[in-house]
Amino acid sequence: MLNRKLIHEQPDLIRSNLNKRHASEGMQHDLNLLLAAIDRRRELLLETEELRAQRNQLSRQVGPLMKAGKHEEAAPIRTQVKAIGDRISLLSSELNHIEEKEHSLLLSMPNLLDERVPDGKDEDSNVLIAEWGTLPEFDFEPKEHHILGSERGLYDAERAAKIAGTRFSVLKGGFARLERAIISFFLDEALAAGYEELVVPYIVNRSTMTGTGQLPKFEEDLFKLTSEVGGEDAFLIPTAEVPVTNLHADEILKESMLPLCYAAFTPCFRAEAGSYGKDTHGLIRQHQFHKVELVKITTPEQAEEAHESLTAHARSLLEKLGLSYRVVRLCGGDIGFSASHCYDLEVWLPGQGKYREISSCSNFGEFQARRMKLRYRPEDTGKPKICHTINGSGLAVGRTLVAIVENYQTADGKVKIPAVLQPYMGGQSEI
């Protein structure tokens with residue numbers, strides 16, 4: 001959430017930010033409504049404060065007059081005091097309404113973009129930052145993972161559709177074991193890099209979803225449950241970012257605790273409401289998938305280095321797996337709602353003949369922390385300040401399996417296992 005004071009004092013900056021994000025006309029209109037709500041709230045507060053001061057001054061006159069038996073002189077003052085009180089009640093009612101409207105509009109405003117974010121409307125304007133690896137060459141036509149898996153009886157979309165519907169899958173045998181191996185490898189690498197492993201809830205409440213920015217804007221992309229949790233609407237998590245980042249919501253941390261570095265493996269659940277017709281085959285875009293998420297909670301001064309080191313760690317996983325990839329900086333029209341700066345890691349998929357995103361490493365600044373009231377107490381001043389948050393996939397497990405299958409396939413339909421995963425596969429070198 002953006003700072004209300006910043007919006008009020010620098011509306012042109014916010015408009016420019018929305019333009020760089022290629023925001024809709026509706027969002028520009030919401031900004032105008034928000035500015036009007038902020039102005040009206042300030043007017044109401046000022047008028048209420050003046051009226052209360054006036055009422056207090058008049059009330060102080062009533063007591064002595066009543067004590068002196070001057071009831072007739074006190075009567076009009078008491079009438080005036082009551083009228084002022086009625087006016088304050090009306091203003092308070094309007095103020096409550098305006099504050100609710102203002103808060104709702106504040107939640108609809110996206111984060112401010114880092115100055116390094118390039119201009120552009122979509123992924124075609126993302127900027128290449130780095131490339132790693134040599135694209136594999138085959139003396140046969142490489143297959144997409146779902147075709148190879150179906151032929152070998154290791155991937156079953158038809159039976160998954162029977163029990164759950166489309167955009168689900170069943171992995172069998174070597175594919176299932178490879179998925180488990182990838183998860184264990186990612187978690188062990190995170191622990192070695194200094195992350196603390198967490199096991200978190202897969203169901204969270206509305207406040208938690210709001211804290212990281214999934215709500216209210218992206219509710220249609222979430223799986224909402226019929227039962228409540230903690231007296232609020234309940235949702236299946238779309239990523240471990242949600243419960244992990246919210247772990248310290250509404251807390252004031254000691255500066256000496258930061259940065260906090262967490263890693264968590266979870267299933268992720270996404271309705272994919274806006275992706276009709278996209279990636280309808282295979283594991284690329286599923287309603288349910290696995291991911292190891294990396295989260296850092298920092299001071300403002302630590303945030304930039306934390307973002308770079310988290311991205312470097314995600315890159316190292318691809319390098320240890322021998323998977324060619326590239327790093328791109330997302331442009332204004334492609335970056336996420338809550339992010340101020342984001343690197344996408346895109347892995348090469350020979351079966352598709354193109355790069356596909358396998359991790360987004362984002363710096364959110366104070367945007368999420370302000371929403372969830374996550375602060376720390378500096379050792380020098382002792383006055384609480386808002387934390388910064390960073391996260392990224394380390395990595396998306398299903399897409400890593402896709403990349404391994406497509407890059408390490410052989411002409412006879414087998415899949416070689418990267419050396420770093422073989423210990424997690426009982427020494428098995430191929431599927």
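The values are calculated or read from the model by the stated rules, or taken from the named source; none is laboratory data. Fair warning: this is a prediction, and the values are worked out from it, not measured in the lab. Positions of Cβ are backbone-derived with ideal geometry, glycine not excepted, and every protein chain shown enters the neighbour counts. Note: areas computed on protein heavy atoms with side chains; ligands, DNA, RNA excluded. Shrake-Rupley method; radii C 1.70, N 1.55, O 1.52, S 1.80 Å.
For the chain, adding -39500 (n - 2.57) for each run of n ≥ 4 DSSP H residues and dividing by the number of residues yields -13500 deg cm²/dmol at 222 nm. The relative contact order of region 124-189 comes to 20 percent, based on Cα pairs under 8 Å that sit 6 or more residues apart. Region 356-431 and region 297-338 have Cα centres separated by 9 Å.
Packing, taken as the mean count of other beta carbons within 10 Å per residue, orders the peptides 316-328, 33-45, 387-399 from highest to lowest as 387-399, 316-328, 33-45. If you take the Cα centroid of region 205-250 and the Cα centroid of region 123-141, the two points sit 35 Å apart.
Across all directions, the average flat footprint of the convex hull enclosing the Cα atoms of the chain is 26.5 nm².
Element breakdown for region 220-371 at a 1.4 angstrom probe: carbon and sulfur atoms account for 46% of the accessible area.
Working from label points 7 Å from Cα in the Cα-to-Cβ sense, the Ala75 to Ser429 distance is 10.7 nm. Once the Cα atoms are used to define both axes, helix 300-320 deviates from the longest principal axis of the chain by about 20 degrees.
For helix 71-108, report the angle its Cα long axis makes with the longest principal axis of the Cα atoms of the chain; keep it between 0 and 90° and round to the nearest 10°. Computed tilt is about 10 degrees.
Residues of region 335-352 with backbone nitrogen within less than 19 Å of a virtual label 7 Å along the Cα-to-Cβ line of Lys217, please, listed as ranges. Backbone N within reach: 335-344.
Counting every C-alpha pair in region 192-338, the share spaced more than 20 angstrom apart comes to 58%. Let me make sure I get this right: for region 272-424, a, b and c are the square roots of the gyration tensor eigenvalues over alpha carbons, sorted descending. Under 1.5 in a/c it's rounded, otherwise prolate if a/b > b/c, else oblate. Which is it? It is prolate, given that a/c is not under 1.5 and a/b is the larger ratio. Between the beta carbons of Lys101 and Gln352, assuming R0 = 56 Å, the FRET efficiency works out to 0.75 to the nearest 0.05.
Phi angles of region 420-431 translate, via the Karplus equation with coefficients 6.51, -1.76, 1.60 and θ = phi - 60°, into HN-Hα couplings of 5, 9, 4, x, 7, 10, x, x, 5, 9, 7, 10 Hz per residue; Gly and Pro are given as x.
Available extension along the chain between Gln54 and Leu6 is 14.1 nm, counting 0.36 nm per residue and deducting the alpha carbon span. For Lys82, the lysines whose Cα falls under 28 Å of its own Cα, not counting residues fewer than eight places away in the same chain, are Lys67, Lys70. Residue by residue, region 277-285 carries 3J(HN,Hα) couplings of x, 9, 6, 7, 10, x, 9, 5, 9 Hz when phi is fed to the Karplus relation 6.51 cos²θ - 1.76 cosθ + 1.60 (θ = phi - 60°); x denotes Gly or Pro.
Put a dot 7 Å past the Cα of Glu255, heading toward its Cβ, do the same for Glu151, and the two dots end up 6.1 nm apart. Computed from Cα positions, the angle between helix 25-67 and the longest principal axis of the chain comes to roughly 30 degrees. Rolling a 1.4 Å probe across the protein heavy atoms gives the chain an accessible surface of 48 Å² per residue.
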